[in-house]
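Below is one structure; the comments refer to it alone.
The values are calculated or read from the model by the stated rules, or taken from the named source; none is laboratory data. What you see is a predicted model; the values in this text were computed from it and never measured. Cβ placement follows ideal geometry from the backbone for every residue including glycine, while neighbour counts extend to all protein chains displayed. Keep in mind that these areas ignore ligands, DNA and RNA; they rest on the heavy atoms of the full protein, side chains included. Shrake-Rupley method; radii C 1.70, N 1.55, O 1.52, S 1.80 Å.
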Amino acid sequence: MSNDSPLDEMADAPGHAKPHWRSLLSTMFGLGHEILAQRVHLLDQAFAEEGITAILPGERAVNWRCDPIPLVISAAEFAALQTGLAQRAQLMELILADLYGPQTLLADGLIPPDLVYANPAFLRPCRTVDGRRRDRYLSFYAADLLRGPDGAWRVLADRTGQAQGLAYALENRRILSRVVPELFQSQPIQQLRQHLEVTSDALQALAPDDDAGVALLSGGHADPLWFEHVLLSREHSIGLVEGGDLTLRSGKVYLKTLRGLQRIGVLLRRMPGHRVDSLELSAGTGVPGLLDAIRGGSIRMVNDAGSGLAEAPSLAAFLPKLARRLLNEDLQLASQATLWLGEGAVVRTVLRDLEGWIIRKATDGDAPPVVPMMLSTADRADLAARIQADPAVYAASVAPTPSVAPCAGEHGLEPKPIALRMFLTFDGTRWRAFPGGLARALSEADALAGRLPRTALSKDVWVLQDEASTVQGALALLTPTLAIRRTAGDLPSRVADNFYWLGRYLERLEEAARLQRAIIARIRRPSPSAREVAEMQILLASLSKIKMVDADEASGSGSGVLGVGMLGAAVMRAFRHNGGMRRVLGRVARQVDQLRDRLTGEMHAVLTRSLRIMGQNMRRLPAEQSPRALEYADGLTTEILEFAATVAGLAAENMVRGGGRLFLDFGRRMERAQSVAGELAQVLDQPGALTQPGRGEAGLRLALELRDSVITYRARYLAVLQPAPALDLILADEGNPRGLAFQLVAARDLLREIVEDGDSLLTAMEPLLQETRDIVQEVLCSPDQTATTARLPPRLKQLEQAIGAVADRVSRRYFTLLPIARSVGVESELLRGAA
């Protein structure tokens, strides 16, 4: 590490604030330490609830924070950085064009072959053998910079693959401007919107045809940078797609939607290059044949799948010569002094003073560097031995002394080392720098380079306005007039599938909570009656069916083996780690995460906040022996039911009719319909129901309670419980929102919004509705309603299966885009009618 003292971004040598910092510091000191500390807390809270750290239950935490004090860059300094980085971006473009083309740089010895052929980022299928290529390799570029004690900025890493981190910078600006608005009144800074408009227009201009759309290709919600994918797709007004959403037809790429295929002409790549084509590259989530479509010119990918090749840290050692060869210029913005250790004399130089360097993998720009100074003597010796054994796989950069900038601390302003990432976009004619950036305040444990960390203290980057500059608008593109569209069919199939399963999992969570609440209420009663004991056995069996309690415990309760205390313990296990309630809550959370790009900010914030709170409260459930345990568990069921009601309200008021809301509702209706039929079969299918009328009555009472229909029944029938009226309210009453017929009618009406006239799916619900009426009529006309009711469970289970068959048809038709399955060996006329 250099012995030079780090440069202070805020103050000059005599210790006076630099001119472009003075106005900001005046505002900061005007706020005072106490108010500033409060704003720090509000910033952390905002990021936790709605920003990058808005994570879901069970996921590893992302602790991304934003310091309230921005990093300020003068207009003149920004202009110089833009010029230097634009030159580097152009140089990288020419290097990639050569390495994936004629490879004269390799032939002339300007780049060692080890840095190309041994680099996993070199994708041979991307090479153009004849040397002719229509597309650029780079449209986006980023660079990680450090300022040394001499005041000069140097590039520590070039980002030519996905240029990640822009969304983090946008989120920093958005939340900081809301939480600490006083800062933005102190001096004029360059706005970010213009750059986003330029980028959006540049992407649209790349489309080969007017009818071809633009989409961001993501690896999915499991990608660590899923948040960035969601935000960028929104900011650029483009679709967010995964490999499975796309298909090729006649050499062109299409997005699979509910109404058919939509042409895609540009893909903004946000997944590793080696995964974009599962046919020519590694198997996985890519699009088979995508590279062939790119070579054919029917689609453009930015950045190119093989562009990550230029991120090799060791390439920095050869850039000065490459700039003179390819640009006939010297580098205006130098790299941090770097050596490739594949040459004997070089490796000896590094090993003589290992502590003065940072060591990186020669070809892996994502790997964090090793800082020998921070290692123990034994670990440093081990590192030296590994370098000597295979020096060509390493690069060494002079250990930097980064500049420091003020950060808010417990006792006021604290200077911390700073790393800056800047972003550039090629607008079709020239490279433009994003008028801001992503700064990180570094601790000793933070990596200077490598992939973006999950834990970081970041800073908004302000670029001051140049008083002499004029505002330039975004590129003016001639775009065709858009036709008015109000259909639900343009929704990508995967998104519709996610909404559908969000609806189903939400309903499962609610139904499980209702069962849990009913059984907990009975367990808490001091001296349960015989009827209540019978109801507990029925409820326990129902909970076992939906995997909320262990099946062995449920069967043991029927013989009286499981006491009330043990029953309570079994029920509460559902709320603990790996319990049924926690599992369903996690499934809801995953669906919310996958749909982040389709939910409004308000709806997403409410959902994630509620999910996080419920997960935390479940973890606080007292031990079984605690006298408050059952009361606490009862409170958890109330929270879940309130959450379900909140989601229903948000969907009704915040989501456009059709599209995502349609499939969210459809999923809930089908799940509830199956639940009503299966639950009723469960509560009626009890030993002795035919010979002991009381058991059948207990089942009907419980069914009304679980359907939240007790008050309605009492109002209609004055509390005289008879099978036919109770079954009518539960099964056939189309006005009961908790009943079966209501769900089937609602599902039928939802299907009418997406299914073409004459489609057999439109009539799929009619046999099911007729069956509900037939069941009630047969019981009503029976001379012994109790006996007829006791014989219903097999028929109800068959009805449950028939509803599932219709749901499966819809899923195959609209989500997986598979042919409709032909059922074989189905005996039931009801099932044949539904299918």
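Below, the figures for the structure above:
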{"item": "Förster radius 22 Å - calculated FRET efficiency between residue 430 and residue 330, Cβ distance, rounded to 0.05", "result": "0.65"}
{"item": "In sequence order, calculated HN-Hα J values of the stretch 525-538 (Karplus, 6.51, -1.76, 1.60; Hz; x Gly/Pro)", "result": "6, x, 9, x, 6, 4, 5, 5, 5, 4, 5, 4, 5, 5"}
{"item": "For the stretch 567-712, radius of gyration divided by Kirkwood radius, i.e. Rg to Rh on alpha-carbons", "result": "1.03"}
{"item": "Amide H partners (placed H, <5 Å) of residue 122, local residues excluded", "result": "none"}
{"item": "Simple Cβ-charge dipole of the chain, Lys/Arg +1 and Asp/Glu -1, about Cα centre, in debye nearest 20", "result": "960 debye"}
{"item": "Alpha-carbon Rg/Rh ratio, for the chain, with Rh computed the Kirkwood way", "result": "1.05"}
{"item": "Extension gain (nm, one decimal) between residue 353 and residue 191, 0.36 nm per residue minus Cα-Cα", "result": "53.8 nm"}
{"item": "Two-decimal Rg/Rh across the stretch 617-667, once Rg and the Kirkwood Rh are taken from alpha-carbon atoms", "result": "1.25"}
{"item": "Efficiency of FRET from Cβ geometry, residue 766 and residue 209, R₀ 56 Å, rounded to 0.05", "result": "0.80"}
{"item": "Probe 1.4 Å - accessible area at residue 711, Å² to nearest ten", "result": "140 Å²"}
{"item": "Two-decimal ratio, the stretch 157-236, of alpha-carbon radius of gyration to 2.2 N^0.38 Å", "result": "1.32"}
{"item": "Where Cα atoms sit under 26 Å apart: lysine pairs in the chain separated by 8 or more or lying on different chains", "result": "6"}
{"item": "Rounded percent of accessible protein surface that carbon and sulfur make up, the stretch 271-344, 1.4 Å probe", "result": "50 percent"}
{"item": "Label-point gap, in nm, between residue 390 and residue 451 - each point 7 angstrom along Cα→Cβ", "result": "2.0 nm"}
{"item": "Accessible area per residue, Å², the stretch 245-325 with all protein chains present, probe 1.4 Å", "result": "34 Å²"}
{"item": "As computed over the stretch 322-445, the Cα convex hull volume per residue (Å³)", "result": "158 Å³"}
{"item": "Distant alpha-carbon pairs in the stretch 569-623 (separation over 16 angstrom), percent", "result": "44 percent"}
{"item": "Sequence-separation-based contact order of the chain, relative, with Cα cut under 8 Å and 6+ spacing, percent", "result": "14 percent"}
{"item": "Accessible area, probe 1.4 Å, largest first, for residues 126, 781", "result": "781, 126"}
{"item": "Selected from 452, 377, 121, residue furthest toward positive end of dipole (the chain; charges at beta carbon)", "result": "121"}
{"item": "Heavy-atom accessible area ranking, 1.4 Å probe, most first, across 756, 653, 679", "result": "653, 756, 679"}
{"item": "CD proxy at 222 nm, helix term only [per DSSP H run n ≥ 4: -39500 (n - 2.57); per residue of the chain; nearest 500]", "result": "-14500 deg cm²/dmol"}
{"item": "For the stretch 138-227, size of Cβ-based charge dipole, Lys and Arg +1, Asp and Glu -1, in debye", "result": "500 debye"}
{"item": "Computed lengthening from residue 124 to residue 110, 0.36 nm per intervening residue step minus Cα-Cα distance", "result": "3.0 nm"}
{"item": "The stretch 186-247: relative contact order as a whole-number percent, Cα under 8 Å and 6+ apart", "result": "34 percent"}
{"item": "Estimated distance in nm for a label pair at residue 533 and residue 645, the labels positioned 7 Å out from Cα along Cα-to-Cβ", "result": "3.5 nm"}
